[in-house]
1. Would segment 314-354 count as rounded, prolate or oblate if I go by the C-alpha gyration tensor, calling it rounded below 1.5 in a/c and otherwise prolate when a/b exceeds b/c, oblate otherwise?
2. Under 9 Å from the Cβ of Leu372, count the other residues' Cβ atoms, weight Lys and Arg +1, Asp and Glu -1, and hand me the total.
3. Quick one, which of (1) 61, 50, 37; (2) 91, 45, 43; (3) 61, 45, 42 is the actual Cα extents along the principal axes in Å calculated for this model?
4. Once both axes come from the Cα atoms, what is the angle between helix 3-24 and the longest principal axis of the chain, in degrees from 0 to 90, rounded to 10?
5. Order of Arg253, Arg198 from fewest to most other C-beta atoms within 10 Å?
6. List His166, His300 from most exposed to least, where exposure is judged by having the fewest other Cβ atoms within 10 Å.
7. Could you check what % of the DSSP bridge pairs in the chain are antiparallel, to the nearest 5?
8. Counting only DSSP beta bridges with both residues in segment 27-119, tell me the antiparallel percent, nearest 5.
Amino acid sequence: MTQKFVILLLILNLTGLARLVADDVNPIISVTSPAYCSDISGDTTINIVAPGLSTVTVKCWQAGGQLGTDSTVDTVALDAEGKGSFVFPADKYPHGPITVRILGQAGDKIDHCYLQLYNKGGISWNEGIPKEAPPGADGMKLVFADDFNGPLSISSTDPKATYYDHKPPNGSQDFSSIPFTSFDAPNNPFAQIDSYLRIRADANKKSSGLISSIKNDASGIKVSEPCYFECRFIAPNAKGTWPAFWLMTDYMRDYVDKKGDLNGPVDELDIIEAVGGEGPGEPNATSDPKLGDLYQITPHAWNQPEVKDMQDKAYQDMHDPISMHKVGVPSTWYESFHTYGCKITDTDTIYYLDNIEVARHATLPASKKYPLFFLINLATGSGWPVDLSRYNGLADMYVDYVRVYAQNP
């Protein structure tokens, strides 16, 4: 056997091994520029690298009507190293936060990269608080509204601030694996951008954010049933991110009056709990691997063993997880803005997605007895693994507005 022949066999064997390794590794799409969660305007060149892929498809949600339409921005051919680029025409897409979806497939291996950007130009589309009241608030009066178009009023210590920046009392029940952080901290997770509240999860700075409408002294925004709450936002679909809009009955009054008692009856109504992560065994796994349109609606009756059967029945009535596409909403919670609402009456608690009723259950006892307040957060965890490394440790949630209505304010 000649030396040249041996070298040729070695090359062929290594090539075959490389193919086997490539076939066994999931392709990973990464954006090299612009930076994740950065600002863009006008025609923007986006550079990507995706070893193991020959092409990727780029999509982004477009403005139009109430729900908008999906669009294919480009189909990008990649070079031998998996590198490629395309021009994103930002002026043709919505102003503000957008998600550019970069999709690739090699055999049965699928990868989705969600590039969060802030479009400084673009088309103003359904931004800000609507002039009309939502259908779920029919017959009620507006009690509170915030469209976040001015300086933020968030604090751990200022009793005059609108929001408290932890789960009261004192953040003792904070739950994010990347910690909820105060507005006045050096690693503050909150920012006011144009007419939006941005809540950022930053693995590098070890901060994420929550706002509560009541504070440690039990003051703040809370209403009794019949009432209606709604919030419009877009959130990230990064692995393990946990955006939510939810209600609780006012347990802080008992905490203040009874000097630290947190054992009283409390209802929690999770209007939307979304968790990032797709594919087999992930929160957004569906029968169609190209879709990740799921979120949870979860009612809880804490410290109330006597109503466990009622709580369980309420949860069963949710038919979780909610598929946005199945109820007639074409985009997901991370592709475009959506409005999430909850109406509480003496008999029924009703949940809405873009003013479409998606679930209801019998109103739990504490919700009839105590006022309710709201919380908005971008947490991480929820029992799922967290990995923001693809996105350089960053993930952003943008809140457009929040409104509260009551019949007897």
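1. In terms of gyration-tensor shape, oblate.
2. On the way: positive: Lys222; negative: Glu225, Asp250, Asp267.
Summing Lys and Arg as +1 and Asp and Glu as -1 gives -2.
3. Label (2) holds the value from this structure.
4. Long axis of 3-24 versus the principal axis of the chain: about 20 degrees.
5. By the 10 Å Cβ count, ascending, the order reads Arg253, Arg198.
6. Working: His166 22, His300 16.
Sorted ascending by nearby Cβ count, the order is His300, His166.
7. Roughly 95 percent of the DSSP beta bridges within the chain come out antiparallel.
8. 90 percent
Laboratory data are not the source of any read-out in this text; all were calculated from the coordinates shown. These figures come from a predicted structure and were not determined experimentally. Glycine gets a Cβ as well: all are built from the backbone with ideal geometry, and neighbour counts include every protein chain shown.
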